[in-house]
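Inspection log for the structure reproduced underneath, given as structure tokens.
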Amino acid sequence: MPLSQALHLTSLLLASASFIGLTLGAGLPEWLAALTGAMLIAVLLRNMGIKPVEQFTTQMPVSAIGWNLIVLGGFVGFWIDLLWVSGELLPAGLHFLMILMVIKLFNLRLRRDYLHLYAISLVAILASGSLTTELWFVPIFSVYLLAGVWTLLLFQLTRTSEVSDDAGMAQPIRQEGYNVSDRVSSRFFWMANGLAFGAFLITVVIFFTIPRVSAGIYQKGFGENIRTSGFSDTVNLGSIGSIKRDPSIVMRVELPRSTQRDVRPLYIRGVSFDRYDGKVWTNQLSYRRSLLEESPGTFAFRRKRVAPQSEPGEAMQQKILLEPLDTPVLFAAPFIERVSGAFPSLFFDATGAVYLPFPSSSRIEYTVVSRSNRLVPADLGPEPGLYPEWVVRQYLQLPRQTDRISALARDVTREQHNPYEKAGAIQAYLTQNYRYSLDAPLAEQDQPLEEFLFSRKTGYCEHYATAMVMMLRTVGIPARLVTGFLATEWNSYGSYYVVRQQDAHAWVEVYLPHSGWIRMDPTPTAEDSPGIGGTVWQVFGPIMDNLRLQWNRLFVQYSAADQLAVVQELKAEGMSVRNKALDSMSALFGTFMAVLSGIVTHDVSQIRIGLFGEIIGFALMSLAVLFWLGRKRPWAAWSFSRKDYSNELVITQLYRRMHTYLSGQGLSRSIALTPLELVEITQVRWKEAHSAVASITELYCRSRFGHLPVNQEDLKHAEAHLRRLLELRKPPA
């Protein structure tokens, strides 16, 4: 492929990579994305020699003044977009940037047009990188980097071969009349790809050297946070059902000590509610206080035991990657004891919920230690304990209702004797006698709970949890409704839970006099739970999701603390290698070094190697290496070859100076002229210079093509001939 055609192709590839990155990252308007994409395809087809496209793009009835007016119109459109359409500087600027790219693709003729296209592409790829942190940016940036290296090399090579004394950046890129030397050779192909690979490695080094933020600089404002429901201070009965069909990923939860064999559904707590008026749940204990910061980034939840005999369960550590949500709630398994993450501050309320200062517009990664309450045997006895006054006041509230719910609760718990047995009986009754469905339109009913219990007997988690709380309260057992997520999707490739919007769930926390708050879930298994993708997605989906998680952890969330950990790990590995080397040296020279250091024992296996012995061993090995170097002298051949290579460069430079001087005298205008042809032309047209030209050319051909060595004496003769040649002046023809 000719160099100019290759330059055109790599320039289009550069622009295409930046355009795709910006389209995916910024969400360009459909008409603008279609226009820019169509223009890129048209210019590519023209470059491939498609005649109709070439005629259309080269014979457009637009003059230079017309294109300037179009640019001016685009600038006016930028201000209209900024003030009345987008309302923000960045999206309006990006739209104007794509308009400029389209205009420049129509006028890609002069070298400065190519430079303008490169500048537009650079701004576009930088904007794309600042707008996203997703994994898809990696292949796009890799293509951009590869195309950029090729474009810079080809741009310089075409400039070297095309620019003459009276031409500059305004010279057009040559499209025909190629020489053999103006084509992309196999050697050039591999050299360019090697440079691109080297640039990529340097980029990776810089990437891991400089810490980054966890989101694109301009990411906020270009994408709305995931909309959630059920995590505010007031929740309508039936609000969670609206998001139960949404498969969007909300978070990923790693349990460092868990394996696939002991994986079970994980309850991830959000907020709880204590007041129900028949339609709406509210949290009357939503007053938030600051969490105590034990150390930078670590917050402790100093939670007092709500029951005097309660026994905390086993600590559970979770590593959570939370997607940007429209709620400030911080999710974790109940109940949170400690949170670690890059948080300026955290807050909590009296129900145990933890909050961010405000909803985050980027992903958050944090570590949580949780500990649930265990069931105390005293709560299983025939004599129930006494409830604290604050529990009775807060968690036995009932709305206005008929006696049907109270009668049902008393009938279900007639044969039970303690609160735990009664709660278990109500849970079993709801689970066994009602059906789970997302299609129950109970939110529009005047009395949705009674409609669920006595008429439809079909609903989803909110209805079951609300029914159980109300039934428990009618028989004097404190309870509250809790909203969060029930994680069941386990990614076996990355060993973590994938939590989606459709995993939103509601359950019940029952207060027992000795145990405190105990979780119970009356919702039966869903029969119409929506699936995630087909068979192929079920196979490759977990793999891709694990790649996204590792990308976020190793790249997006990479910070100064991670740098320090890497340095410490490398230091530890270096110390380990050093110790292994010393141990090997000690084992090799153990007996000899022990004799020299005077610490020989009767049992050779008990020999101790001291510092003096290690120094002696290192000195002996160094002497052995020096002796071998003195005998073999490997540097001799290297220095000889280097000297020959240096002499070859010198004679090449002398020949080029001679060639340049002869060109100035009017003897060598053609690039394709061979050295021997130049000697013959000199003999015919300038006999006085023939001797010097023949001598220098003979040494150049012997070194360059014959690969014969050139000594210093030959170089002196060549320099003398060149000086005499430069003193000559060719007589006019």
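Scanning the stretch 348-400 for residues that are among the small types (G, A, S) and over 19 Å from S286 (Cα atoms) yields S360, S361, S362, S370, S372, A378, G381, G385. I'd like to check something: does the stretch 329-341 contain any residue that is modelled with pLDDT under 90, part of a loop (DSSP other than H, G, I, E, B) and either outside the structural domain of L131 (by TED's automatic domain parsing) or acidic (D, E) (or both)? Checked against the condition, which is being modelled with pLDDT under 90, part of a loop (DSSP other than H, G, I, E, B) and either outside the structural domain of L131 (by TED's automatic domain parsing) or acidic (D, E) (or both), the stretch 329-341 yields no hits at all.
Residues in the stretch 466-503 that are in a helix (DSSP H, G or I), in contact with a strand residue (DSSP E or B) (Cβ under 7 Å, 6 or more places away or on another chain) and among the small types (G, A, S): 0 in all.
Within the stretch 404-431, the only residue that satisfies the criterion of being aromatic (F, W, Y) and farther than 20 Å from V376 by Cα is Y429. Scanning the stretch 395-407 for residues that are without any contact (Cβ under 8 Å) to a residue 40 or more places away in the chain and either part of a loop (DSSP other than H, G, I, E, B) or in contact with a Gly (Cβ under 9 Å, 6 or more places away or on another chain) (or both) yields one hit, D403. Screening the candidates V71, V143 for the property of being over 31 Å from the mean Cα position of the chain (by Cα), within 24 Å of A38 (Cα to Cα), assigned to a helix (DSSP H, G or I) and β-branched (V, I, T) yields one hit, V71. Looking only at residues in the stretch 1-35 that are farther than 18 Å from K104 by Cα and of a type in the set (A, V, I, L, M), the one that is surrounded by the fewest Cβ atoms within 10 Å (Cβ to Cβ) is M1.
Checking the stretch 147-170 against the condition returns a match, with at least one residue being within 15 Å of I20 (Cα to Cα), surrounded by 16 or more Cβ atoms within 10 Å (Cβ to Cβ) and either at pLDDT below 90 or in the same structural domain as W67 (by TED's automatic domain parsing) (or both). In the stretch 372-405, which residue that is within 13 Å of S515 (Cα to Cα), surrounded by 16 or more Cβ atoms within 10 Å (Cβ to Cβ) and not β-branched (V, I, T) is modelled with the lowest pLDDT? Residue satisfying both the conditions and the ranking: P384. Cβ-Cβ distances below 9 Å connect no pair with a first residue in the stretch 109-136 that is farther than 27 Å from W67 by Cα and outside the structural domain of T36 (by TED's automatic domain parsing), a second residue that is surrounded by fewer than 16 Cβ atoms within 10 Å (Cβ to Cβ) and not β-branched (V, I, T), and a separation of six or more residues or different chains.
Among the residues of the stretch 365-394, those identified as in a loop (DSSP other than H, G, I, E, B) and either touching a Cys at 6+ places or on another chain (Cβ under 7 Å) or more than 18 Å from A332 (Cβ to Cβ) (or both) are L375, V376, G381, P382, E383, P384, G385, L386, Y387, P388. Within the option set A350, A428, being under 48 Å from the mean Cα position of the chain (by Cα) and closer than 30 Å to K319 by Cβ holds for one residue only, A350.
Has the stretch 221-234 got at least one residue that is buried (at least 18 other Cβ atoms within 10 Å of the Cβ), in a strand (DSSP E or B), modelled with pLDDT of 70 or more and not aromatic (F, W, Y)? No, the stretch 221-234 has no match at all.
Go through the stretch 410-440 and give me each residue that's hydrophobic (A, V, I, L, M, F, W, C), assigned to a helix (DSSP H, G or I) and surrounded by fewer than 20 Cβ atoms within 10 Å (Cβ to Cβ).
First, the residues of the stretch 410-440 that are hydrophobic (A, V, I, L, M, F, W, C): 412, 423, 425-426, 428, 430, 438, 440.
Among the residues that remain, those that are also assigned to a helix (DSSP H, G or I) are: 412, 423, 425-426, 428, 430.
The answer is V412, A425, A428.
This table checks each residue for (1) of a type in the set (F, W, Y); (2) touching a Phe, Trp or Tyr at 6+ places or on another chain (Cβ under 9 Å).
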site	(1), (2)
R269	no, yes
N283	no, yes
T298	no, no
I320	no, yes
I336	no, yes
T351	no, yes
F358	yes, no
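In the stretch 33-48, the residues that are at pLDDT 85 or above reach residues that are not in a helix (DSSP H, G or I) with C-beta atoms within less than 8 angstrom, at least six apart or across chains, in these pairs: T36/L28.
Output the residues belonging to the stretch 408-418 that are free of Cβ contacts under 8 Å to residues at least 40 places away in the same chain and under 9 Å from M471 (Cα atoms). Before you say what the answer is, go through the steps one by one.
Applying the first criterion (free of Cβ contacts under 8 Å to residues at least 40 places away in the same chain) to the stretch 408-418 yields 411, 414-418.
Listed by number, the list is empty, since nothing qualifies.
Each residue in the stretch 656-692 was checked for being out of contact with any His (no Cβ under 8 Å at 6 or more places or on another chain), part of a helix (DSSP H, G or I) and over 29 Å from T158 (Cα atoms), and 7 of them qualify. When the stretch 200-220 is filtered for residues that are modelled with pLDDT under 80 and part of a helix (DSSP H, G or I), the ones remaining, listed by number, are F200, T203, V204, V205, I206, F207, F208, T209.
The values are calculated or read from the model by the stated rules, or taken from the named source; none is laboratory data. Quick caveat, the model's predicted, so the values are computed rather than measured. Every residue, glycine as well, gets a Cβ built from its backbone with ideal geometry; the counts of neighbours run over all protein chains shown.
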